[in-house]
1. Hey, can you tell me all the residues within region 122-140 that are surrounded by 14 or more Cβ atoms within 10 Å (Cβ to Cβ) and either in contact with a strand residue (DSSP E or B) (Cβ under 9 Å, 6 or more places away or on another chain) or modelled with pLDDT of 95 or more (or both)?
2. Scan region 222-243 and report the pairs whose first residue is on the phi > 0 side of the Ramachandran plot and whose second residue is buried (at least 18 other Cβ atoms within 10 Å of the Cβ) and not in a helix (DSSP H, G or I), with Cβ atoms within less than 6 Å and a gap of 6+ or a chain change.
3. Please go through region 119-145 and give me each residue that is part of a helix (DSSP H, G or I) and free of Cβ contacts under 8 Å to residues at least 24 places away in the same chain, ordered by number.
4. Of the conditions (1) at pLDDT 95 or above; (2) over 30 Å from residue 96 (Cβ atoms), residue 17 clears all except one; give me its number.
5. Among the numbered conditions (1) assigned to a helix (DSSP H, G or I); (2) under 19 Å from the mean Cα position of the chain (by Cα), tell me where residue 180 comes up short.
6. Mind counting the residues in region 32-60 that are in a helix (DSSP H, G or I), surrounded by 14 or more Cβ atoms within 10 Å (Cβ to Cβ) and touching a helix residue (DSSP H, G or I) at 6+ places or on another chain (Cβ under 8 Å)?
7. Being more than 25 Å from residue 251 (Cα to Cα) and assigned to a helix (DSSP H, G or I) narrows it down to one residue among 174, 148, 167, 158; which is it?
């Protein structure tokens, strides 16, 4: 999963209104609910092998979206924490973050998913931690760690884009380093990096197809099962591709809208 980290220079910013953000969230949720109604209605009208199995495709699409949102939120938290650690002046804080990013970015996502599902529970059990992970949470952990590593580099670049003088001015007013990061630097950095972060989220939706490798019934596995049952891969895989395209299109429309709102708020 390759993502560029191109961050514009910071500028003086005004906060994005909470009501505007809430309206965006409600609008996005309503759009996806409507989209699923449309997908269900269209697929049920299609001839065999799609129509009779429309509910399986919809269930897979719903799992794909759920997997994307849960792992995306966790990945954002991971990205913020690791990104801040990467900017620390303390080697003991910076080194673990650098190693984490090196490991995640240097190994395939498929291997990471298989490792979390098959190898992580036995490793934890060997040190006395009895943790059972089902397919969903194994995929969530792997995807969240993966996108979190890429988010961390984006957020680090955003933090470095904030003029150093702002942090120095905050500390001269008596704020601690942590308070300066939390109240002055990080809010501005997050607004700067909205475009690459939302690009990572859209890429995550497509990367979630790899969860089929551990038998999680998301959209790709649903299509694979129907294709195996009917021996008609062309209509089945075309349908899967169209559903992915619908999901990514709606997500891109709303993430683009969020970017525009952030730009307006920062003028």
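The values are calculated or read from the model by the stated rules, or taken from the named source; none is laboratory data. The structure displayed is predicted, hence computed values, not measured ones. Glycine gets a Cβ as well: all are built from the backbone with ideal geometry, and neighbour counts include every protein chain shown.
1. Passing the criteria: 135, 136, 137, 138, 139, 140.
2. Cβ pairs passing all conditions: none.
3. If we filter region 119-145 for residues that are part of a helix (DSSP H, G or I), which is where we start, we get 119-126, 135-145.
Within region 119-145, 119, 120, 121, 122, 123, 124, 125, 126, 137 qualify.
4. (1)
5. Going through (1) assigned to a helix (DSSP H, G or I); (2) under 19 Å from the mean Cα position of the chain (by Cα) one by one, residue 180 breaks only (2).
6. 14
7. Values: 174 fails: assigned to a helix (DSSP H, G or I); 148 fails: more than 25 Å from residue 251 (Cα to Cα); 158 fails: more than 25 Å from residue 251 (Cα to Cα).
None of the other options fit; the residue is 167.
Per-residue answers, yes or no, for (1) over 17 Å from residue 204 (Cα atoms); (2) touching a helix residue (DSSP H, G or I) at 6+ places or on another chain (Cβ under 6 Å):
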| site | (1), (2) |
| --- | --- |
| 125 | yes, no |
| 134 | yes, no |
| 148 | no, yes |
| 154 | no, yes |
| 158 | yes, yes |
| 164 | yes, no |
| 167 | yes, yes |
| 173 | yes, no |
